[in-house]
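Written below as structure tokens is the structure these notes are about.
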């Protein structure tokens, strides 16, 4: 990875961290809720009356109530975990290939690999 | 002051109050059972052509372009990660991003609509977040409308010869923001305000979530750039195989 790209990534990471941490300080003490309840509030505000959803989420039907907070965060973690797992695996794979290409033997293997792919795409 | 002006004034005051109190914000997908059945079907049908072409394209990738299959998996995984992270915002509430920009730039809108659909189904079934009945509306906003804007901006940036990374950042960030604009339009269509009708309703929903979403859109743009830079460095042959333009 070139020096310029490294700097771009470091800059972006710092930007992301600032954007996430800043609200915590700026708005210290607020709830940071993003709950679905406030969604129904917004609709009720527009309608001027309580809105009752006509369909209950399947998981809630199944559990007979709202999903407990801990379980919900577990499920969200699973979602993140699946995504990060796939991303990290393939970036690792690409990185290793890139490193191998720096050696002579690795370069030959890499060329073979590319050739194999091109052949398989032709057929 | 005529009636219309009064309405406008009331509405403006309402908006200001909303902004001033930083009401805990709803800024996610439309919840289960929150759209009338007619609208659910309407948005669902609107998605179908995109899903159909996306399905064909993905089938082609699986059968003939194995090398870009990994990139496809990574775009999907990126949406998975990004849309599962609830991030605090300046309004004192949390929201999450869409992550669809990357898939759009690499594979186009139809494929992204399928990837977004997978994530939405996962969230609707397991997390009670979004919903099965509102799947069509959510897929339209997150998987089709946002990506269309992303792609338009990206192509425009290429025409104007903007720096590639800056271009991707802008396209992804605004695409994310646009997704939530469409969400509020969808809600407003279903629930026009009694006082002021459709437009007033749009602005109410926009006023409720837009301030929350702006910083998050920037975060999404930055994260997309990080992944693109990484891919440019380590996955050149793959990007070349899908004709990704990384010269500038």
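What follows draws every value from the coordinates through simple rules; no lab data is involved. Note that the structure is predicted; figures quoted are calculated from it, not measured. Note that we place each Cβ from the backbone using ideal geometry, even for glycine, and neighbour counts take in every protein chain shown.
Quick notes on this one:
- Using only Cα coordinates, the Kirkwood hydrodynamic radius of the protein assembly as shown works out to 21.8 Å.
- Size check on segment B:32-241: the Cα extents along the three principal axes, sorted descending, read 56, 35, 33 Å.
- Neighbour counts of other Cβ atoms within 10 Å put B:154, B:180, A:26 in the fewest-to-most order A:26, B:154, B:180.
- Pairwise FRET efficiency - residue A:70 versus residue A:100, Cβ, R0 = 41 Å, nearest 0.05: 0.40
- Counting other Cβ atoms within 10 Å as a rough exposure proxy, the listed residues B:109, A:56, A:16 run A:56, A:16, B:109 from fewest neighbours to most.
- Summary of packing: across the peptides A:94-105, B:162-173, the per-residue average of other C-beta atoms within 10 Å ranks them, highest first, as B:162-173, A:94-105.
- Span from the segment B:27-58 Cα centroid across to the segment A:47-103 one, whole angstrom: 20
- Computed over segment B:110-226, Kirkwood Rh from alpha-carbon pairs, angstrom: 15.1
- Shape category assigned to segment A:68-123 from the gyration tensor of Cα positions, a/c cut at 1.5: oblate
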